[in-house]
Structure formats: C-alpha cells, structure tokens
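Heads up: the structure comes next, in structure tokens.
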Amino acid sequence: MAVRIEVLKEDNRTRARLGKLHTPHGVIETPVFMPVGTQATVKTMTPEELKDLGAGIILSNTYHLFLRPGHELIREAGGLHAFMHWDGAILTDSGGFQVFSLGDLRKITEEGVEFRSHLDGSKKFLSPEIATQVQMALGSDIVMAFDECTPYPATRDYAKASLERTTRWLKRCQETLTTTDRQALFGIVQGSMYEDLRKQSAAEITELDLPGYAVGGLSVGEPKELMYEVLDYTVPLLPKDKPRYLMGVGSPDALIEGVMRGIDMFDCVLPTRIARNGTALTRYGKLVVRNAESAHDFSPIDPTCDCYTCKNYSRAYLRHLIKADEILGLRLMTIHNLRFLTNLMSEIRAAIKENRLPEYREKFFYEYGYLK
Ligand SMILES: Nc1cc(CSc2ncc[nH]2)c2nc(N)[nH]c(=O)c2c1
C-alpha cells in the first residue's frame, strides 16, 4: 500500500496542516516528530515503551545498518520490523548525510560515494542503487532518496552542481525500485540557501510525482532565521497533497516554526542525545538535571508532565543517576524527552484544529523563554 497523507485541515492564518500519514505499518497523525533509532534501536527504549510514549513512526539509518550488522543479515531476519520487534512505521535515511558527517570521506563521484567506515576504517562504497537496495532489504515503509546534503556554506556553483547530481541520483533510486516499492520513495529537495536553486531542485524533484518530499540541506549549521527563510519560499513549491518532511529538525521552537511553514514530519537526534547527557526538555526551556542546582530538588523535572519519569522520580535522583553513569538515568531522561515531544506535537495538532496555532506559539515561546 502506498504512503500517502490525508490532509484533514489547512490552518486559516498559517501554512500549517493537520493530517493523517497512511503507511503499511499504521496511520500516523501529523504534524509528527519521529524518534531516531540509528542502529535499529531508539537508544535505551523498548518498542513497547516507544508505543506507550505515543510514537507511531521511527527513523533508522542505511549507513549504520549497511556497515553493521549488514542489510543481508537483516533481510535474513525478515526485515527491520521483525529484527527489532517494532510493528510501527519505519523511515530510513539513505546514508548520504551520514557518509559526510561520519565516515572518513574519500570522494564523491557521479557513480556514488567512496568512504572509509567509521567502525574499522575499511573502504566502502554507497551509490543510489546500493542505498536503495539496502532500504528494500530493510523493508522500511519510507525510503529516502540517496542525496548529497549540500554542506553549509556552499558557493552557488557548488550548490547548483550538487542539487543537479542529487536529482540524477534520485532518478537512479527510482529506477532501482520495483513499481510497488516506488510508492515508498521520498525525494529530497536541495539547493542550499539560494532561492532560485531551491526552485530548480523542487521543480526537478516534484516532476517525478513521488509519494512524499523532504526538505534537505537545512539544519546544517545555518542560523535558524535563515532556515525559516528558506522554508518560507521552498515549502510552497511542494504539492499540497503530499507529505513534507524537514530532515534533522529539531528543537521545540524549530518544530513549531516548521509546522507554521507547512511541514508535516520532523526528526532529530538531539532530544534523545541530550537526554543521555542529562538535559531535559521542558515547557520552560532546557533543564540541565546534572547541574548542582538539582542536587536537593525533590520535585519532578516538570510537574505538568504526564510521563513515567515525572510521575515517579525527582530531579535529585535523576541527577544522581546521571552523575553515577547509571543506565537507568539514560532511560528515565529519554522517556521524559520523547514524551515531551509527543505531547508538544499533540498540543500543536490541537491548536491547528481549534484555529489557535499563532496564539499557542506566542504562549509557548513566552513560557519557554524565547520571547523575553
Ligand atoms: N539536516 C539534515 C539531516 C539529515 C539526516 S536525517 C536523519 N537520518 C537519520 C536520523 N535522522 C539529512 N539526511 C539526508 N539524506 N539529506 C539531508 O539533506 C539531511 C539534512
């Protein structure tokens, strides 16, 4: 069954949409934040805990699983859903981004990318064909095209050559997929921070009439205001009847700003990563639980939060666990941060439904400390 979005409502004052993302592994309400499970696990969480937290779709990574344990082993296990005991939806990133940010990059050619594994330094090669075949072996519900995430900053010439190669690579991904699997392929718009290049990339990508489109090449170190500016002119170029996915975003404020600009899907490693080093997300801003100020604080991270951690544990205890490098600390902090984000997204969906998203943003930003 194809991946498709059912847009239930378009906000009357912003570009926000309320929708349902239909996938072979369930229907997910949008806008949605997708937890990241890079190595076939959302670190420290069992699939049952993820479901309890409200997660319906998670991300995993071609690059990592290709290197270890290998996609053939996962195919042998019956695919990624069976291998990791997750019956919700899975979106897999194509590996391009990770090669640039993780592997010891050797070189990019028209054929693909040669690199050295970050695990053992051995020479590896990923191409649009290989990245697509890996994702088919994993059996993911949403397959991301093999793209080059144009680094920031980039010259116009580099950005133009890069987006044009990404388009050629997308066509090779599409040719690799069978007709049925093509219904899972999302294209990725590049073009760095140049409006005319974003227009060109969007035109080339949307010509292929894919089931969904991602805005790539953002959240790569540029100022947030610049990211929002690029979204302002890029998102309207994407078809309204297809899901829009902003890759690698983000923090609570960026999630709200992205929804206002018409984004349906988000993912970011930060919430789970900062949880493991003792930082909690709250509606009042970030709380660094490991700091001394929490040592004698026997209140929960956030008294308004309904998560298992906030209902049963104090900041003092969490600080102790994190300082003592206790595994339970990693788990309790992750539970809180993921629940915070699923609650944030459901509050955003309610605000869209009730025509009060701009007011919700104002209130959130004021409480969160963004509007002094
Ligand atoms: N910022 C950003 C983040 C990611 C990783 S998204 C992700 N993969 C695994 C977890 N999360 C990107 N991935 C691709 N393929 N292209 C991009 O332009 C891009 C940009």
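One line per residue, one yes/no per condition, for (1) touching a residue at least 60 places away in the same chain (Cβ under 8 Å); (2) open to solvent by less than 30 Å² (accessible area, probe 1.4 Å); (3) outside the structural domain of Ile58 (by the TED database):
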{"site": "Lys224", "(1), (2), (3)": "no, no, no"}
{"site": "Tyr228", "(1), (2), (3)": "no, yes, no"}
{"site": "Pro243", "(1), (2), (3)": "yes, yes, no"}
{"site": "Val249", "(1), (2), (3)": "no, yes, no"}
Original post:
Checking Ser192 against (1) assigned to a loop (DSSP other than H, G, I, E, B); (2) under 17 Å from the mean Cα position of the chain (by Cα); (3) within 19 Å of Gln98 (Cα to Cα), which single condition isn't satisfied?
Top reply: (2)
**OP:** Looking at (1) surrounded by 15 or more Cβ atoms within 10 Å (Cβ to Cβ); (2) within 16 Å of the ligand (Cβ to nearest atom), find the lone condition where Ala161 falls short.
**Re:** (1)
**OP:** Working only within segment 197-222, note down all residues that are more than 14 Å from the ligand (Cβ to nearest atom) and either surrounded by 16 or more Cβ atoms within 10 Å (Cβ to Cβ) or not assigned by the TED database to the domain that holds Leu8 (or both).
**Re:** Gln200, Glu204, Thr206, Leu208, Leu210, Pro211
Original post:
Any idea how many residues of segment 83-105 are acidic (Asp, Glu) and at pLDDT 90 or above?
Top reply: 2
**OP:** Could you tell me whether Ile130 is surrounded by 16 or more Cβ atoms within 10 Å (Cβ to Cβ) and either under 30 Å from Lys224 (Cβ atoms) or not assigned by the TED database to the domain that holds Leu59 (or both)?
**Re:** no
Original post:
Quick check, is Lys43 in contact (Cβ under 8 Å) with a residue 40 or more places away in the chain, exposed (fewer than 15 other Cβ atoms within 10 Å of the Cβ) and assigned by the TED database to the domain that holds Ile256?
Top reply: no
Original post:
Do we have any residue at all in segment 265-274 that's assigned to a helix (DSSP H, G or I), crowded, with 16+ Cβ neighbours inside 10 Å, away from the ligand (no atom under 16 Å from the Cβ) and aliphatic (A, V, I, L, M)?
Top reply: no
Subject >> Hits in segment 90-146 - residues which are within 13 Å of the ligand (Cβ to nearest atom) and assigned to a loop (DSSP other than H, G, I, E, B) >> reply: Ser94, Gly95, Leu102, Ser140, Ala145, Phe146
Subject >> Count of segment 318-372 residues which are out of contact with any helix residue (DSSP H, G or I) (no Cβ under 7 Å at 6 or more places or on another chain), at pLDDT below 95, open to solvent by 50 Å² or more (accessible area, probe 1.4 Å) and in a loop (DSSP other than H, G, I, E, B) >> reply: 1
Original post:
For segment 78-97, what are the residues that are of a type in the set (Phe, Trp, Tyr) and open to solvent by less than 10 Å² (accessible area, probe 1.4 Å)?
Top reply: Trp86
Original post:
Can you name every residue in segment 168-196 that is crowded, with 22+ Cβ neighbours inside 10 Å and either modelled with pLDDT under 95 or among the polar types (S, T, N, Q) (or both)?
Top reply: Gln190, Ser192
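The values are calculated or read from the model by the stated rules, or taken from the named source; none is laboratory data. Treat the numbers as computed from the prediction; the structure is a model and nothing was measured. Cβ atoms come from the backbone with ideal geometry, glycine included; neighbour counts cover every protein chain shown. Just the protein is used for accessible areas: all its heavy atoms, side chains included, with ligands, DNA and RNA removed. Shrake-Rupley method; radii C 1.70, N 1.55, O 1.52, S 1.80 Å.
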